[in-house]
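Asks: First the structure, which I've put down as structure tokens, then a few questions once you've had a look.
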Amino acid sequence: MGKRLTEFTLLLAAAAGLALFVRGCPGPARPLDPASVSRVGKGMSEQEVFDLLGPPSDALDLSAVTEALRFDGSGFRWRDGDRKVEVYFLDGRVAGTVVKGY
């Protein structure tokens, strides 16, 4: 698990760097409750996150990275104006988040 966690940490760093330069497909911005955003934590299931934040604005395309590293990973983005939350999942559980504007 240590090697997979290290590989996923590298994935998060790469995805965060790409997010600074590449803007995702525009989706609907919706109000995000800062208290709910702060409750998102490592190990939570996708459903728990969706229950807290509602449906995501868009899914993040991590297919090239997940195929290269051979693990089941996904990511989603929620946007509220200039604020955004990106949540990355490994095997269906939160492995990391990127929060901007809160």
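Asks: For a quick protection proxy, order the peptides 85-91, 60-66 by their average other-Cβ count within 10 Å, most packed first.
Replies: 85-91, 60-66
Asks: Okay, next question. What's the extension gain from Val98 to Ala64 if we count 0.36 nm per residue and subtract their Cα-Cα distance?
Replies: 10.3 nm
Asks: Take each of the peptides 68-81, 41-54, average the number of other beta-carbon atoms within 10 Å over its residues, and list them starting from the highest.
Replies: 68-81, 41-54
Read-outs throughout are calculated quantities, based only on the coordinates presented, and are distinct from any laboratory measurement. As the structure is a prediction and not an experimental result, all values here were calculated from the model. Positions of Cβ are generated from backbone atoms using ideal geometry, with glycine treated the same way; all protein chains shown enter the neighbour counts.
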